[in-house]
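Engineer: Dumping the structure here so I can ask a few things about it.
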Amino acid sequence: MIEAAKDAFAKDGAAVSLEQIARDADVSIATLYRHFPTRDELISAVYQQEVTTLIEAADQLMTKREPAAALREWLLLFVDFLDAKHGMAAAMDTLIGGPEPLYSKTPHRLDVPIKALVAGGVTTGVFRNDIEPHDLLRALAGVAHVRPSKGWKRSAARMVDLLLKGMHEET
């Protein structure tokens, strides 16, 4: 249901009907309401699932990839997260009190993975030791904030590569 809701909000925005989401998820509307009594709860669940996916991906990447490759792949996942978040923005604005309470917890939840990914590269001597991990997220969020053009994700991927080049320890 969460995946169907994510896709529906990204495609149709806040105007998508909960009935449509239930159909897309192949469940009854009663089942959807049993799990998510309000639209706000469904929106919040979608958003929190996206953040959780990012956190879990960091752990997996750190065990399977070299530090630079792990960080690059995770930052590209962060770009996808920003894209999904932007696609849901209109829906998230319908939350009571706006999206701020929902967004405000995100930086704290992403602290551990971004710091661990950067530390892995610093420890192995791949990255400089003066990197502030949150600067990477801020730079990509800035690119996403001004993303009205179709090619913004390609631009964000290039930004990831530029950021990583700037992080490498000089030899």
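Engineer: Testing Val27 on (1) of a type in the set (A, V, I, L, M, F, W, C); (2) within 24 Å of Lys105 (Cβ to Cβ); (3) assigned to a loop (DSSP other than H, G, I, E, B), one condition comes back false. Which one is that?
Structural biologist: (2)
Engineer: Here's a follow-up. Does at least one position in the stretch 53-71 carry a residue that is under 23 Å from Phe9 (Cα atoms), assigned to a helix (DSSP H, G or I), in contact with a Lys or Arg (Cβ under 9 Å, 6 or more places away or on another chain) and at pLDDT 90 or above?
Structural biologist: yes
Engineer: While we're looking at this one, here's another question. Please pick out the residue among Glu41, Glu19, Glu50 that is in a helix (DSSP H, G or I), among the charged types (D, E, K, R) and in contact (Cβ under 8 Å) with a residue 24 or more places away in the chain. Before the answer, list the steps.
Structural biologist: Numbers: Glu41 fails: in contact (Cβ under 8 Å) with a residue 24 or more places away in the chain; Glu19 fails: in contact (Cβ under 8 Å) with a residue 24 or more places away in the chain.
Only one candidate passes the filter, namely Glu50.
Engineer: Here's a check for you: in the stretch 24-44, which residue that is modelled with pLDDT under 95 and crowded, with 16+ Cβ neighbours inside 10 Å is farthest from Ala116 (Cα to Cα)?
Structural biologist: Taking the candidates together, the pick is Arg39.
Engineer: Name the single residue, out of those in the stretch 105-122 being among the β-branched types (Val, Ile, Thr) and touching a helix residue (DSSP H, G or I) at 6+ places or on another chain (Cβ under 8 Å), that is surrounded by the fewest Cβ atoms within 10 Å (Cβ to Cβ).
Structural biologist: Only one residue tops the list, namely Val112.
Engineer: When you go through Ala84, Ala15 one by one, which is the residue that is within 12 Å of the chain's Cα centre (by Cα), aliphatic (A, V, I, L, M) and surrounded by fewer than 20 Cβ atoms within 10 Å (Cβ to Cβ)?
Structural biologist: Selected residue: Ala84, the only one of Ala84, Ala15 that is within 12 Å of the chain's Cα centre (by Cα), aliphatic (A, V, I, L, M) and surrounded by fewer than 20 Cβ atoms within 10 Å (Cβ to Cβ).
The values are calculated or read from the model by the stated rules, or taken from the named source; none is laboratory data. Keep in mind the model is a prediction, meaning the values are calculated, not measured. Backbone-built Cβ (ideal geometry, glycine too); neighbour counts: all protein chains shown.
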